[in-house]
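Written out below as structure tokens is the structure these notes cover.
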Amino acid sequence: MGHESTDQPPSPTLALAPDQIDPQAHLHLRMRVLGTHGKSIGKVETFDRDTATGQLSTLVIRHGLFSNKLTSVPVTRVKWVNADSVILDFTPSAFKKLPILLKV
């Protein structure tokens, strides 16, 4: 999957054909996060925007056996957002290898 070079980071939904984009899908807190194979990874704890552009830059995912870990994921790794979940371009095992921001 290649991206053309632009001045702005790609929107998570641009990889989909126009008829596949859910116009009712909106990113929100506590939204379920899934990996590439539909396996549950965690839930959206918060998201950050670039202060200069206002564009979404990262998602912070709460995960772990007791939901006690927080991991930051760049928005470029979001494959799509549907009505009830965010799908990341990570398998659950690859996601577990990312650095943990905080263990609460």
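Can you name the strands (runs of 3 or more DSSP E) wholly within the range 44-83 that have at least 1 residues being closer than 18 Å to H26 by Cβ and polar (S, T, N, Q)?
Answer list for the range 44-83: 56-63.
Please work out if L59 is of a type in the set (A, V, I, L, M) and free of Cβ contacts under 8 Å to residues at least 24 places away in the same chain.
The answer is no for L59.
Search the range 84-104 for residues being part of a strand (DSSP E or B) and of a type outside the set (A, V, I, L, M, F, W, C), and hand back the single one that is surrounded by the fewest Cβ atoms within 10 Å (Cβ to Cβ).
K103
Output the residues belonging to the range 62-76 that are surrounded by fewer than 17 Cβ atoms within 10 Å (Cβ to Cβ) and free of Cβ contacts under 8 Å to residues at least 60 places away in the same chain.
Answer for the range 62-76, where residues must be surrounded by fewer than 17 Cβ atoms within 10 Å (Cβ to Cβ) and free of Cβ contacts under 8 Å to residues at least 60 places away in the same chain: G64, L65, F66, S67, N68, P74.
No lab work stands behind these numbers, since they all come straight from the coordinates. Keep in mind it's a predicted model, so treat the numbers as computed, not measured. Cβ sites come from the backbone with ideal geometry, for glycine too, and all protein chains shown count toward neighbours.
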